Amino acid sequence: MSGAEATAAGHLEGDAAVEMGVAGGAAADSDLTAQEVLVLDFGGQYSQLIARRVRECGVYSELLPHDISLDALRERKPNGIILSGGPASVYADDAPELRPELLELGVPVMGICYGMQAMALKLGGRVEQAPVGEFGRSNLHVREHGTLLRDLPDEQQCWMSHRDTVYEPPPGFVALASSDESPVAAFESAERQLYGIQFHPEVVHTPYGTDVLKRFLYDVCGADGLWSAASVIDEQIARIREQVGDGKVICGLSGGVDSSVAALLVHKAVGDQLTCVFVDHGMMRKNEAEQVVAVFRDNFHVPLIHVDAADIFLQRLEGVTDPEQKRKTIGDQFIRTFEAEASTLDAKFLVQGTLYSDVIESGAGHGAAMIKSHHNVGGLPEDMDFSLVEPLRWLFKDEVRAVGAELGMAENLVWRQPFPGPGLAIRIVGGEVNRERLDVVREADAILQDEIRKAGLYRELWQSFCVLPAIKSVGVQGDERSYAYPIVIRAVTSDDAMTADWARLPYDLLETVSKRLINEIRGVNRVALDISSKPPATIEWE
Ligand code: XMP
């Protein structure tokens, strides 16, 4: 899983679920909408983002491997196809192949960066490696507007990342624009419905990028732009009903956005056939457990079993300091507790909050190096025989929030920052997790969140939290020498948790937080700020 959503259900997601061989509940393809524009992935770092942007334009999109069979593509009858960028040179031996048949399906195709170069090369244009690459901001000089650049300024900024360059478009194509280093930065053949742009329309540094996408989606592909995540709720509900019939369903609920929205959707579909199990490991944020119970049981009337398992978790964590050991212990206990409850319920189906980015990541199989084991902590044992219900597997995170809001979830729940499955345990570093330290870091977290919300910054930050290094340092409080814990403030901005930057929190805010942490929490006498980005650091300290 992406880990962006860190939930108790997260323990059950992603690779672990695949490994344990639970039956996949949902088909690989979707027919969520009559109109769709597909993105074929040639390995670019922005491929997922292209699909997200297309959806933001109100057109359903999925990211598929560049070598997907032509029959499969034809079967889907897409309104258009986008070829993504990619890191390879079109002249590299192992360059991902663009099959010419793809350009003859009778479906409009737009190539971006590598996609454009590959298209140019296949159709007889001139593509060469330029003496200098073009990376970052550049300027686009429009000569002909054509369809793709219609009504857009003659001069505009764009974002580039390439070395191979198109020098001449294929015969019959019109060169629409050049850039500082690219003689042909956009071309089109309206007749053949083929389009290419060297720049990246999907990143914010291309201010007219969305307009270019819209020209392609609406004017070329004829899409109506009416798709939205919320508009597919009814369809999802019908699917869930069909899959589940009158069977019983179980869901591991954590209060995180993904598992919450998944649970609500399933509840809307099959009502009290669903039982949620909330394994409370005692390492949640302040008042979080009570909130989960209040929201689901009292507000939405979802059958909920709240298992207060703090004692057993803490017992098993005694003396554990190694981060991986900590995660494994928590993951293992989580499963034991969950299993014990599940065995009383006789459920055939298990709800998982798998997101589309998880699906892409596991399908892509690029096998990024494992930095932390967190995304498949424990996994489910082989003999747990559930069919999976994954109502979010076609949705990106923002879309899940939109669905949550549509289902009536309160804003503070919909916009909750991600929180790791093992909870506050991985924010106590360099020493064992115990009640005293949990109380300190929980209180610290509550103070920080309170001030960040008051400053109106909560939504802007990907995550903000406190870390407790299990060391003590000397201070002087009320004329007395103190020997107490430091608290480290960690706040980051990020799009997807893969990379992150430390947030430039205002000094005044930091001062208020620092004062409150030291004044209000016994056992804290020092506050530090983490100013590292990811990479080379990670977001969490463990
Ligand atoms: P890192 O620390 O690897 O975190 O930069 C990336 C994202 O994953 C979350 N995270 C976890 N989620 N179990 C989870 O479910 C874990 O053990 C875990 N560790 C980190 C982290 O909060 C961030 O959003």
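If the condition is being buried (at least 20 other Cβ atoms within 10 Å of the Cβ) and either of a type in the set (A, V, I, L, M) or under 30 Å from the mean Cα position of the chain (by Cα) (or both), then the stretch 143-155 contributes LEU148, LEU149. The set of residues in the stretch 306-322 that are within 25 Å of ARG416 (Cα to Cα) and buried (at least 17 other Cβ atoms within 10 Å of the Cβ) comprises HIS306, ALA309, PHE313.
Filtered by the rule that a residue be modelled with pLDDT under 95 and surrounded by fewer than 18 Cβ atoms within 10 Å (Cβ to Cβ), the stretch 126-140 gives GLN129, ALA130, PRO131, VAL132, GLY133, PHE135, GLY136, ARG137.
Within the stretch 312-325, the residues that satisfy the criterion of being closer than 17 Å to GLU436 by Cβ and either free of Cβ contacts under 8 Å to residues at least 40 places away in the same chain or not hydroxyl-bearing (Ser, Thr, Tyr) (or both) are PHE313, LEU314, GLN315, LEU317, GLU318, GLY319, VAL320. Looking at the stretch 24-125, the helices (runs of 4 or more DSSP H) lying wholly inside it that each contain 3 or more residues that are buried (at least 23 other Cβ atoms within 10 Å of the Cβ) sit at 47-56, 114-122. Could you please tell me which pairs satisfy a Cβ distance under 6 Å, a separation of 6+ or placement on different chains, a first residue in the stretch 396-409 that is closer than 19 Å to ILE50 by Cβ, and a second residue that is among the hydroxyl-bearing types (Ser, Thr, Tyr)? Filtered contacts from the stretch 396-409: PHE396/TYR356. Only one entry of VAL90, VAL107, VAL132 meets the criterion of being in the same structural domain as THR210 (by TED's automatic domain parsing), in contact with a helix residue (DSSP H, G or I) (Cβ under 6 Å, 6 or more places away or on another chain), of a type in the set (A, V, I, L, M, F, W, C) and within 23 Å of GLY43 (Cα to Cα), and that entry is VAL90. Is one or more of the residues making up the stretch 227-234 within 21 Å of the chain's Cα centre (by Cα) and not hydrophobic (A, V, I, L, M, F, W, C)? The answer is yes; a qualifying residue exists. Assigned to a strand (DSSP E or B) and at pLDDT below 95 - does that describe any residue in the stretch 516-523? Checked the stretch 516-523: no residue is assigned to a strand (DSSP E or B) and at pLDDT below 95. Looking across LEU253, LEU264, one residue alone is within 25 Å of the chain's Cα centre (by Cα), at pLDDT below 95 and under 24 Å from GLU399 (Cα atoms). It is LEU253. Only one of the listed residues (ARG427, ARG481, ARG437) is surrounded by 14 or more Cβ atoms within 10 Å (Cβ to Cβ) and away from the ligand (no atom under 16 Å from the Cβ). That residue is ARG437. Remark: pairs (first residue in the stretch 330-357, farther than 24 Å from LEU265 by Cβ; second residue among the basic types (Lys, Arg); Cβ separation under 7 Å; 6+ apart in sequence or on different chains) = GLN333/ARG316. Just wondering, is there one or more residues in the stretch 257-265 that are in contact (Cβ under 8 Å) with a residue 40 or more places away in the chain and part of a loop (DSSP other than H, G, I, E, B)? Checked against the condition, which is being in contact (Cβ under 8 Å) with a residue 40 or more places away in the chain and part of a loop (DSSP other than H, G, I, E, B), the stretch 257-265 yields no hits at all. Residue count for the stretch 280-308, restricted to those that are in contact with a Gly (Cβ under 7 Å, 6 or more places away or on another chain) and at pLDDT 95 or above: 3. Scan the stretch 496-539 for residues that are in contact with a Phe, Trp or Tyr (Cβ under 8 Å, 6 or more places away or on another chain) and within 16 Å of the ligand (Cβ to nearest atom) and the total you get is 7. Within the stretch 445-456, restricting attention to residues that are closer than 22 Å to ALA497 by Cβ and crowded, with 17+ Cβ neighbours inside 10 Å, the residue that is nearest to the ligand (Cβ to nearest atom) is ASP445.
In the stretch 66-83, the residues that are closer than 14 Å to MET110 by Cβ form Cβ pairs under 6 Å with partners that are part of a loop (DSSP other than H, G, I, E, B) and polar (S, T, N, Q), at six or more places apart or across chains, as follows: ASN79/GLN35. Looking at this structure, is VAL212 more than 30 Å from VAL414 (Cα to Cα), of a type in the set (Val, Ile, Thr), surrounded by fewer than 24 Cβ atoms within 10 Å (Cβ to Cβ) and modelled with pLDDT of 95 or more? Here the answer is no, as VAL212 does not meet what is asked. Does ILE237 fit the bill of being buried (at least 16 other Cβ atoms within 10 Å of the Cβ), in contact with an Asp or Glu (Cβ under 7 Å, 6 or more places away or on another chain) and not in a loop (DSSP other than H, G, I, E, B)? Here the answer is no, as ILE237 does not meet what is asked.
The values are calculated or read from the model by the stated rules, or taken from the named source; none is laboratory data. Note that the coordinates shown come from a computational prediction; the quantities given were computed from them, not determined experimentally. Positions of Cβ are backbone-derived with ideal geometry, glycine not excepted, and every protein chain shown enters the neighbour counts.
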